[in-house]
1. May I ask you to compute the full-extension gain from Leu17 to Asp286, defined as 0.36 nm times their residue separation minus their alpha-carbon distance, rounded to one decimal in nm?
2. Express in whole angstrom the spacing between the alpha-carbon centres of segment 1-57 and segment 135-157.
3. Dipole magnitude of the chain about its Cα centre, charges +1 at Lys/Arg Cβ and -1 at Asp/Glu Cβ only, in debye to the nearest 20?
4. Can you figure out the FRET efficiency of Ala197 with Glu78, using R₀ = 51 Å and their beta-carbon distance, to the nearest 0.05?
5. Using only Cα atoms, tell me the angle between helix 284-295 and the longest principal axis of the chain; keep it within 0 to 90° and round to the nearest 10.
6. Which one of Ala161, Pro23, Leu67 is farthest out on the positive end of the charge dipole of the chain, using unit charges on Cβ (Lys, Arg +1; Asp, Glu -1) and the Cα centre as origin?
7. Pairing the Cα long axis of helix 75-84 with the longest principal axis of the chain, what angle in degrees results, from 0 to 90 and rounded to the nearest 10?
8. Return one number: the angle in degrees, 0 to 90 and rounded to the nearest 10, between the long axis of the Cα atoms of helix 234-243 and the longest principal axis of the Cα atoms of the chain.
Amino acid sequence: MTMGKFVTKAVIPAAGLGTRFLPATKAMPKEMLPVVDRPAIQYVVEEAVNAGLTDLLMITGRNKRALEDHFDREPGLEQALELKGDQGRLDLVQQASDLGPIHYVRQGEAKGLGHAVLCASQHVGNEPFAVLLGDDLIDEAETLLTTMMEVQQKTGGSVIALIEVDPSEISAYGCADITAIEGEDYVRVNSLVEKPAVGEAPSNLAVIGRYVLHPSVFGVLENTEPGRGGEIQLTDALQTLAAGEGEGSGVYGVVFKGRRYDTGDKLSYLKAVITLASERVEFGEDLKTWMKAFVG
Ligand code: UTP
């Protein structure tokens with residue numbers, strides 16, 4: 001068993017163009033779309049903080065200023081709420097800036113997720129790190145990231161999160177060919193392919209937006225040519241690590257069975273909003289009553 005360094009750093013790529021959510025994302029980052037009353041990105045940052053990650057780096061780009069503003073103090077607004085004696089809303093406003101300092105790096109051009117991760121190399125240095133995609137929500141009751149960090153510690157390689165999807169849906173995802181490891185609740189990833197055609201997919205296991213990566217991924221990304229869609233794909237770099245041998249190679253998978261939403265996709269976003277809203281104490285029951293009558 002290889003004991004690696006503890007993971008303390010989280011990289012949150014949020015520089016994508018969000019074309020699946022146009023026109024809403026023409027002038028606004030998709031990560032700022034509200035899920036009930038918080039922007040999607042706030043759930044992601046909270047997940048990282050709750051998993052004990054203390055050093056947060058967000059990858060942003062053009063048109064993404066709102067992301068930085070959201071996690072800063074807003075003295076004018078805070079003062080106005082204070083004058084009104086509105087402590088409840090003041091607390092809500094301050095929740096985002098209380099999550100701790102966030103570092104930012106700009107990806108000058110949206111050249112793909114792999115390229116966005118490579119933008120973090122100087123900040124991360126030579127230690128394993130987590131990657132949380134800014135538009136991918138994992139239910140806050142889940143401990144997926146903590147489990148993945150434990151598997152990284154144990155294996156010394158890189159760890160991805162997988163979900164089982166209907167075979168007809170696999171071409172929207174990266175897909176993993178895996179082998180079970182006896183006595184372990186994680187799997188070995190033999191190979192990875194980005195968005196395979198339905199008939200050519202090696203499995204129905206789809207890669208979702210949580211990773212715990214060995215820093216050797218940076219050297220691989222530097223030498224990864226643009227792949228599908230002309231973008232530098234993280235999946236391609238992980239495929240190289242899965243096939244490689246020696247220090248930092250080896251890719252493992254944790255199969256996730258809990259709730260997760262891709263808020264960059266219109267239908268999945270709507271499901272996230274409805275599910276989370278229906279669980280809110282303030283109006284969940286009213287919403288469910290209304291929904292029953294609506295679909296009635
Ligand atoms: P997506 O493929 O979901 O993002 O990338 P996208 O390109 O913005 O989406 P569509 O397909 O055009 O609607 C997954 C994550 O990687 C980030 C995105 O912000 C998202 O969090 N990303 C993607 C970058 O940071 N840079 C990129 O060049 C591409």
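Throughout, read-outs are computed from the coordinates displayed, never taken from laboratory work. Bear in mind the structure is a predicted one, so any value in this text is a computation, not a measurement. Here Cβ is always computed from backbone atoms with ideal geometry, including for glycine, and neighbour counts include all displayed protein chains.
1. The Leu17-Asp286 span can extend by a further 93.3 nm.
2. Taking the Cα centre of each part, segment 1-57 and segment 135-157 sit 14 Å apart.
3. Numbers: 27 positive and 43 negative charges, 128 e Å.
Dipole size: approximately 620 debye.
4. Using R0 = 51 Å, I get an efficiency of 0.45.
5. Helix 284-295 sits roughly 80 degrees off the main axis of the chain.
6. Positive-end residue among those listed: Pro23.
7. On a 0 to 90 degree scale, this one is about 40.
8. Approximately 30 degrees, to the nearest 10.
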